[in-house]
Amino acid sequence: MSAGMVMLLLIQIPLFTFISPSSGRGNFLQNFNIGWGDGRGKIQNNGQLLSLSLDRNSGSGFQSKDQYLYGKLDMQLKLVPGNSAGTVTSYYLSGDGTKHDEIDYEFLGNVTGEPYTIHTNIYTGGKGGREQQFRLWFDPTADFHTYSVLWNPHHIILSVDGIPIRDFKNLEAHGVDFPKKQPMRLYSSIWNADDWATQGGLVKTDWTRAPFVAMYKNFKADACVWSPKTGSARCDSPQRSSDRGEEWLRREWDGSSEKKLRWVHKNHMIYNYCNDRTRFPQPPVECTFS
């Protein structure tokens, strides 16, 4: 990392200690705790596989042991197959408190043969309302697919199998808040939301099909890990090779990514808050830069 890069990032985030990017590869026993569910969340195969299940009595969830302040986080998920109507599987980063930051994926189930909906949102200082929704170009229940969050000083980029579906830019210069001060944990959960999740709540959960199970594997984190003791984030990796590990931290938007994003938005986006004139007669500031 160049001296100029170090100085730029230190100016933006005074509490960082920049060593080199940290890298964690996903043994779930090492990286996560089952947070709730009374045994419905299970870590299997010596930490290589994790499952969350939902039945009439409860859902389940897990959370990362580490907190992150910037990172490139990848997880492979296989969503609930068959009739998943009424269920929601979430995968998100979140801080603490009422004014927390949050970066969301939510997977809204549907009846057999109908597509899942990916519901995304970005919260800053406890304020969300930035929903974008998509339908995938494959069946997310047939196999594992990689869902990624890239969060650096310039962008939050959500990607599916390496294809960007959303880019939330740092537009603080234009008065738009950007998550950069709060460390966040990675969470995932499955729960019943049949009051709203499928066709606005018209289709209810069929409990005869329970338990509903979502599967996880191959977690990878290239990230800056927060230390509550020091009040700073350490970016340290024994696996560093030259400067390749810093790519996620430096990454800016490029023409190839823009082309892929426009393809997704044209063919697979089903809702964009930026275009909702009922909610926002005057589009939010960040929408003018989309």
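Values in this text are rule-based calculations from the coordinates and carry no lab data. Computed from a prediction, not measured in an experiment: that's the story for all the values here. Quick reminder, even Gly has a Cβ in these numbers, built from the backbone with ideal geometry, and neighbours come from all protein chains shown.
Roughly how big is the range 109-255's charge dipole about its Cα centre, with Cβ charges of +1 (Lys, Arg) and -1 (Asp, Glu), in debye to the nearest 20? Present the calculation step by step, with values, prior to reporting the outcome.
Working: 18 positive and 18 negative charges, 110 e Å.
It works out to roughly 520 debye.
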Quiz prompt | trypsin sites (Lys or Arg not before Pro) lying in DSSP loop within the range 131-229, provided at most 10 other Cβ fall within 10 Å | solution = LYS229
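Relative contact order for the range 3-289: what is it in percent, counting Cα pairs under 8 Å that are at least 6 residues apart?
29 percent
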Practice problem: Restrict the search to the range 63-95; then list the trypsin sites (Lys or Arg not before Pro) that DSSP places in a loop and that have at most 15 other Cβ atoms within 10 Å of their Cβ. | Solution: LYS65
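Quick one: net charge around PHE144, please, counting Lys, Arg +1 and Asp, Glu -1 for every other residue with C-beta under 15 Å from its C-beta.
-1
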Exercise. Run the dipole for the chain about the Cα centre, Lys and Arg Cβ at +1, Asp and Glu Cβ at -1, nothing else charged, and hand back the magnitude in debye, nearest 20.
Key: 260 debye
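Which entries of LYS169/LYS266; LYS127/LYS180; LYS72/LYS181; LYS42/LYS78; LYS42/LYS72; LYS42/LYS180 show an alpha-carbon separation above 22 angstrom in the structure shown?
From the list (LYS169/LYS266; LYS127/LYS180; LYS72/LYS181; LYS42/LYS78; LYS42/LYS72; LYS42/LYS180), the Cα-Cα distance tops 22 Å for LYS42/LYS72; LYS42/LYS180.
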Quiz item: What value, in deg cm²/dmol to 500, does the helix sum -39500 (n - 2.57) over DSSP H runs of n ≥ 4 give at 222 nm once divided by the residues of the chain?
Solution: -3000 deg cm²/dmol
Self-check item: Given charges at Cβ of Lys, Arg, Asp, Glu: the chain dipole, positive-most of LEU186, MET215, GLY231
Solution: GLY231
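Give the shape of the chain as rounded, prolate or oblate, defined through the alpha-carbon gyration tensor: a ≥ b ≥ c are the square roots of its eigenvalues, a/c under 1.5 means rounded, and otherwise the shape is prolate if a/b is larger than b/c and oblate if not.
Working: a/c = 1.78, a/b = 1.26, b/c = 1.41.
It comes out oblate by the Cα gyration axes.
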Quiz item: Is the shape of the range 100-189 best called rounded, prolate or oblate, per the rule: a/c under 1.5 gives rounded, else a/b larger than b/c gives prolate, else oblate, with a ≥ b ≥ c the square roots of the Cα gyration tensor eigenvalues?
Solution: prolate
Quiz item: What list of ³J(HN,Hα) values in whole Hz, one per residue of the range 89-102 in order, does the Karplus curve 6.51 cos²θ - 1.76 cosθ + 1.60 (θ = phi - 60°) give from phi, with Gly and Pro shown as x?
Solution: 10, 10, 8, 7, 9, 8, x, 10, x, 6, 10, 7, 8, 7
Self-check item: Estimated vicinal HN-Hα couplings, Hz - the range 67-77 in sequence order (Karplus 6.51, -1.76, 1.60; Gly, Pro = x)
Solution: 9, 10, 10, 5, x, 10, 10, 10, 9, 9, 10
